Amino acid sequence: MKKEFLCGLLAAAVLSVPVQGARTVPVQVDGTPLSPPSYLERGVTYTPLRQLLETMGGWEVSWDAQAGNAVAVSDSARLTADPSANRITVNGTAYSGHVTVRNGRTYVPLRLVSEALGGSADWDPWMSGAAVTSPDAGYPAADLYWLSRIIYAESGGEPMEGQIAVGNVVLNRVASPEFPNTIPSVIFDRKHAVQFEPVSNGMVYQTPSAKSVEAAKRVLSGERVLENALYFYAPALSPGTWIHTNRPYDRTIGCHRFYL
C-alpha cells in the first residue's frame with residue numbers, strides 16, 4: 001500500500017531483533033497457517049521445510065539419507081538444506097543459514113528460504129507471527145489472511161454478494177484518507193474505538209470458510225458490489241445510531257445496511 005517501504009523496514013527489524021532463547025510463533029503462507037508451529041530464536045524465524053514448500057504448492061520434499069540433507073524439487077527449482085554445513089542451496093546458489101533437524105523435521109530460516117525462492121516473509125504484528133507470500137501468489141499473504149477473516153466474522157452467513165460488500169468496505173477504507181492505509185491496520189483500527197466488533201469479541205481470529213476466502217480473493221482482484229461505502233451495520237444486532245445519523249445511506253445487502 002502507501003507505506004510499503006517503511007513497513008518493509010519495520011518488518012525486517014522485528015524479524016532481526018535478538019531474543020533470549022526460542023519460542024513458538026505462528027506462520028501462514030498465502031493465508032494458510034502452517035502446522036506444526038515454527039519457532040523464533042535469536043531474532044530468526046525457523047519453519048519446517050516440508051510444510052513451508054508443500055503449502056506453497058508444487059514441491060516434492062524428501063530426505064537424502066546418504067548425503068544427510070533435505071532435498072526439495074519443483075518444476076523450476078531444486079533446493080537442498082544441509083544441517084551439517086548449515087547451508088541452503090537453491091538452483092546452485094548457496095546461502096549460509098542455520099539448518100536443524102527436530103523431531104524428524106528439517107527446520108530452515110523462513111525469510112532466507114522465502115526470499116531465495118522469489119517470495120517474501122514479513123512480520124505480522126496482529127498475528128504475532130510471520131506472513132509468507134509465495135512467488136506465484138496473487139495477493140500479499142497478510143491481506144488475504146485478515147480480509148478473509150473479517151469477511152467471515154462479519155458476514156460468513158451471507159450470500160457471496162454480501163461477503164464481497166463487506167470486503168469492499170475494508171478496501172474503501174484503505175483508499176480513504178480518513179482511515180489507515182493497509183488492510184490489517186484498517187481491521188484493527190482503534191483511533192475512534194474498535195471499528196469492527198469481531199476484533200473485540202475475538203471472532204476475527206476464527207478460521208474462515210472456503211466461501212469467505214473466495215470472497216476475499218475476489219475483492220483483492222478488484223470485484224465490487226459497492227463503490228464508495230465506508231460503513232455498515234446489521235439492524236438485527238445493532239442500532240447503528242451514529243452511522244445512520246451521520247452518514248448517507250447507500251443500500252441494503254442481506255442483513256447489512258451500508259453507508260457512505
Would you pick out the residues in region 93-102 that are surrounded by fewer than 21 Cβ atoms within 10 Å (Cβ to Cβ) and touching a residue at least 12 places away in the same chain (Cβ under 8 Å)? Thr93, Tyr95, Gly97, His98, Thr100, Val101
Would you pick out the residues in region 179-203 that are of a type in the set (Asp, Glu) and either surrounded by 20 or more Cβ atoms within 10 Å (Cβ to Cβ) or in a helix (DSSP H, G or I) (or both)? Glu197
Scan region 94-103 and give yes if some residue there is at pLDDT 95 or above, out of contact with any Pro (no Cβ under 8 Å at 6 or more places or on another chain), on the phi < 0 side of the Ramachandran plot and of a type in the set (A, V, I, L, M), otherwise no. yes
Failed criterion for Asp122 (all others in (1) within 19 Å of the chain's Cα centre (by Cα); (2) under 30 Å from Arg23 (Cβ atoms); (3) surrounded by fewer than 20 Cβ atoms within 10 Å (Cβ to Cβ) hold): (3)
By residue number, the members of region 90-129 that are closer than 17 Å to Ser35 by Cα, among the small types (Gly, Ala, Ser) and either part of a loop (DSSP other than H, G, I, E, B) or not assigned by TED's automatic domain parsing to the domain that holds Thr55 (or both) are Gly104, Ser128
Do you know which residues across region 204-260 are part of a helix (DSSP H, G or I), polar (S, T, N, Q) and touching a residue at least 40 places away in the same chain (Cβ under 8 Å)? Ser212
Residue satisfying condition, being under 30 Å from Ser185 (Cβ atoms), under 26 Å from the mean Cα position of the chain (by Cα) and modelled with pLDDT under 95, within set Tyr152, Tyr139, Tyr145: Tyr139
Only one of Val186, Val204, Val194, Val199 that is over 20 Å from Leu237 (Cα atoms) and not assigned by TED's automatic domain parsing to the domain that holds Asp124: Val186
Can you tell me which of (1) more than 26 Å from Arg42 (Cβ to Cβ); (2) buried (at least 16 other Cβ atoms within 10 Å of the Cβ) is the one Ala70 doesn't meet? (1)
Single condition Ile187 does not satisfy, out of (1) touching a strand residue (DSSP E or B) at 6+ places or on another chain (Cβ under 9 Å); (2) within 24 Å of Glu214 (Cβ to Cβ): (1)
Scan region 42-60 and give yes if some residue there is under 20 Å from the mean Cα position of the chain (by Cα), without any contact (Cβ under 8 Å) to a residue 24 or more places away in the chain, part of a strand (DSSP E or B) and surrounded by 18 or more Cβ atoms within 10 Å (Cβ to Cβ), otherwise no. no
Please pick out the residue among Ser176, Ser155, Ser212, Ser114 that is surrounded by 19 or more Cβ atoms within 10 Å (Cβ to Cβ), more than 22 Å from Pro26 (Cα to Cα) and not aliphatic (A, V, I, L, M). Ser155
So, Tyr145, is that one surrounded by fewer than 20 Cβ atoms within 10 Å (Cβ to Cβ), within 27 Å of Cys255 (Cβ to Cβ) and touching a Pro at 6+ places or on another chain (Cβ under 9 Å) or not? no
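The values are calculated or read from the model by the stated rules, or taken from the named source; none is laboratory data. Computed from a predicted structure; not experimentally measured. Cβ coordinates were reconstructed from backbone atoms using ideal geometry, including for glycine residues, and neighbour counts include every protein chain displayed.
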